[in-house]
Amino acid sequence: MSNFSREVITLQLGHYSNFVGTHWWNLQDASLSYDPETPPSEIQSDVVFREGETLGGQVTHTPRLIAMDLKGSLRTLRQEGSLYDAGKDISAATWEGSLMMHKESPAEKNLFLEDLDKLDKGEILAESDFYSSFQPQRSAGAVSVDTVNSQLARVQKRYRLEGSVKVWSDFLRIHLHPRTISVIHQYNHDGETSRLEAFGQGETLLQGSVLEQLEDKLHFFVEECDYLQGFQVLCDLADGFAGLGSKVTEMLQDSYGGRGILTCGLAPVSHPNSTPMKDLYHMLNCALGTVHMASHSSFFCPLTLRGGLGRRPSAPTEFPLLNYDPSLWYHSSSVLALALDALTLPYRLKNNSVPMWQVADALAVSGRKVVAAYGAIPFPMMHGSSLPDALNACPDVLPWKPLSSCSEPGDGRCYSQWVTLRGFEGQRLISSLAPGTQPPTPLHSLHSGEDVLASYIGSFYPTAPLALQLVSTPSKLTAPFPQIFSQSLGAQGFLLSQPPPPGSPAPVVSSAPVMTSLQSGPAVGSWLSELHRGARSLDVRRVAPSFLSQGPEMAEYEEALEELRLLARCYRDDSGMHSSSEEDDD
């Protein structure tokens, strides 16, 4: 790893955020290489990973991460992890009086976790039921594990975990640092009682032992950084974690005001055992969480495949080349993690890296601190073709889909935009026409990938400031990333010239090209206005009096809604063109 990096500390607040975060860290782990003969990566992995050492002297690479969740959310995962376990006998008790032992049956591990345990013990997995690709591995840096992996024929087991994933640790493939996990014991993950459902509940949590634990973990990770560029915060937006996230981002702003704070508010497509009253709570949490976290962050980006954050959303986002189940958190979180892998690239690169604050300054202009995300997952590119060919196949509509339940403007109005294209490894960025050949389109006449992409996006947004980054390295999809891809894709995630014959097994997609966009524009204002109207239309004291039982006060609640209305007004342009729905919010 490099001797110099601008470190980032990640905070994951809430169960769905930990689902997305787990997939995201699995993707980062897949990009780590311990083989000195492997070509150097374009991505600076020690921006988000920290190097350590076990008691046995083995080098480790663990996430620079603080993950908060509720009691009962870990199942088979030990809160302190097993990486730095001293192996001491904890059965010896100094108490000499009578003891009563209560034995609880441990939760069963799925096949993937069982195989990881075998790898940690240095066992070589059987090759039955394996498909060609690569092998799950642990980023602990343990010599025995790396030795086992080098002896394998680089194969990947095709795990099908859709029926066995109950919590995020059921598909976590990396070791975590003992200071990473923080369990909130005041509320339960399962059951109908003691659930963290309202914004005010989350706000009041950040005190006492919860605050002390968070401050202790933050100080540990901050003090070992040479150049901390900031924090990336993933926070559940639809439950009480929205309140906790608002207080956490406020604390980060107060304590580390000169650093970047890039916050993503995450919401699943659906919640288990939801009711009309819970749906109302979800909408109010989203409204309050958005306005508060946006205020305390460098920018705030909602991330969801849900068709809207109101009580009557439209259909979930569909992707032409994905076959995912929106109701499965395991699936929807993998799509968002793949997008997040590209969205966070600008400040994680070895060369031409852009600091967090510069990304935020380019997007959050004139008080517009909420941005919308879009993604082409995967980016539709034919194997063996060129970038002009791929873009020319989408002449009328951009290939990306909403990742923030914010529809894309059809009028080309956008204040600023940051586009990242990654994963075109082995493909041509420009046309390779023979000398004297007339280019079939203007895109085919350009001489760099940046010019090609800028020209294409400029045809849709002719006046918007645009920042571009192209990264050759794809996202590597190792087990247990779900195989949710169309059969028209090959192993590298590119479109096949011909689909596989009927009845033949679809190839395991081991990597994927992805294009993402972060945008600030009038469409975000319309989205904020809709969120404001939904919350304002309710008499919360009459319809949901318990929502405010632990705060905020009614005056604070009304003040937050007014701030949300004013935030939406920031997105009006100078042309006087805005929707009637925005006028209704005046």
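The values are calculated or read from the model by the stated rules, or taken from the named source; none is laboratory data. Bear in mind that the values here come from a model prediction, so they are computed numbers and not experimental data. Here the Cβ positions follow ideal geometry from the backbone for every residue, glycine too, while neighbour counts run over all protein chains shown. Side chains are part of the model used for accessible areas, which takes the heavy atoms of the whole protein and leaves out ligands, DNA and RNA. Shrake-Rupley method; radii C 1.70, N 1.55, O 1.52, S 1.80 Å.
A compact table of results
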quantity	calculated
Residue count for the range 300-319, restricted to those that are under 18 Å from P276 (Cα atoms) and either touching an Asp or Glu at 6+ places or on another chain (Cβ under 7 Å) or in contact (Cβ under 8 Å) with a residue 40 or more places away in the chain (or both)	7
Whichever residue in the range 284-325 is more than 20 Å from the chain's Cα centre (by Cα) and among the hydroxyl-bearing types (S, T, Y) and, among such residues, is farthest from Q232 (Cα to Cα)	S314
Test: residue in the range 427-440 that is aliphatic (A, V, I, L, M), open to solvent by less than 30 Å² (accessible area, probe 1.4 Å) and on the phi < 0 side of the Ramachandran plot	no
The one condition in (1) under 23 Å from the mean Cα position of the chain (by Cα); (2) closer than 30 Å to S314 by Cα; (3) open to solvent by less than 40 Å² (accessible area, probe 1.4 Å) that F424 fails to fulfil	(2)
Failed item in (1) more than 21 Å from the chain's Cα centre (by Cα); (2) acidic (D, E); (3) open to solvent by less than 10 Å² (accessible area, probe 1.4 Å), with D279 passing the rest	(3)
The range 367-397, residues that are open to solvent by 10 Å² or more (accessible area, probe 1.4 Å) and either assigned by the TED database to the domain that holds L266 or within 18 Å of T263 (Cβ to Cβ) (or both)	G367, R368, K369
Boolean, G493 is in a loop (DSSP other than H, G, I, E, B) and open to solvent by 50 Å² or more (accessible area, probe 1.4 Å)	no
Criterion violated by V269 - all others in (1) surrounded by fewer than 24 Cβ atoms within 10 Å (Cβ to Cβ); (2) in contact with a His (Cβ under 8 Å, 6 or more places away or on another chain) satisfied	(2)
Residue in the range 248-263 that is within 18 Å of H282 (Cα to Cα), surrounded by 15 or more Cβ atoms within 10 Å (Cβ to Cβ), touching a strand residue (DSSP E or B) at 6+ places or on another chain (Cβ under 9 Å) and small (G, A, S) present	no
Contacts under 6 angstrom Cβ, first residue in the range 211-224 being farther than 16 Å from T249 by Cα, partner among the aliphatic types (A, V, I, L, M) and open to solvent by less than 50 Å² (accessible area, probe 1.4 Å), 6 or more apart	F221/I9
Identity of the residue in the range 496-516, over 25 Å from the mean Cα position of the chain (by Cα) and of a type in the set (S, T, N, Q), that ends up surrounded by the most Cβ atoms within 10 Å (Cβ to Cβ)	S497
Condition check for L561: outside the structural domain of L453 (by the TED database) and either under 27 Å from the mean Cα position of the chain (by Cα) or at pLDDT 95 or above (or both)	yes
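Table: residues versus (1) surrounded by fewer than 23 Cβ atoms within 10 Å (Cβ to Cβ); (2) within 18 Å of P402 (Cβ to Cβ); (3) in contact with a Leu (Cβ under 7 Å, 6 or more places away or on another chain).
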position	(1), (2), (3)
G289	no, no, yes
F299	no, yes, yes
T304	no, yes, yes
G307	yes, yes, no
G310	yes, yes, no
S314	yes, yes, no
Y324	yes, yes, no
L328	yes, no, no
S332	no, yes, yes
